[in-house]
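See structure below.
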Amino acid sequence: AVGFKNLPVKTLYLDVKFGYGFISLIVPFLAATLTNLRLRCEDAADISNSLHYFFLYCKRIRSLELENCRFGGVQMNWDFQTEGFGRLTRLSLIRCSGNISSFFEYVDIPKLKVFSYESGVETSQESEKIIVAVATKSPTITSIRLEAKFDSSTSLLKVLGSCHDLARVHFHNKRGSLKLSRSDILSL
């Protein structure tokens, strides 16, 4: 374990199947250098404990990718997440589940520049609610990539209206793909 302290690990891709105990052992060794974190869960596990440890020790994390993770309910104490999410500049949610929209209505991500979202099992309304919640809490977003269930263009317009520095949007749904540049966005 002593050798870990000398490893300049900037990016960590971890399958959460290793468990919380393993994560609590390795995180202190990554605290000084870790900037990019990718967590993947096999069985849509709740990631709150794992994120708590990473955000508590690794204050340099700016990029977070969560795949197949489950967000707990709002009744849980998410206060420890607020500071960690507040430092992020990149966030990707890939087929995550749980109470995602309520979580993002609660947490601010004021420095977020790049947001990627691929919907999982949620309905079109839930997908739209998640995307709008993130966009309204993160007006600094410059790039959005969406692979989501969308029935309404109203939500997409709300996203565009909230993010004034938005330079590009890549939107993909069952009907096809749409890429908007800054000039396309300004012409709307």
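What follows is calculated from the coordinates using simple rules that are stated; it is not laboratory data. As the structure is a prediction and not an experimental result, all values here were calculated from the model. Methodologically, a virtual Cβ is constructed for each residue, glycine included, from the backbone with ideal geometry; neighbour enumeration extends over all protein chains shown.
A compact table of results
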item: Estimated distance in nm for a label pair at residue 108 and residue 183, the labels positioned 7 Å out from Cα along Cα-to-Cβ; result: 3.6 nm
item: Stretchable slack from residue 125 to residue 154, in nm (0.36 nm times residue separation minus alpha-carbon distance); result: 9.3 nm
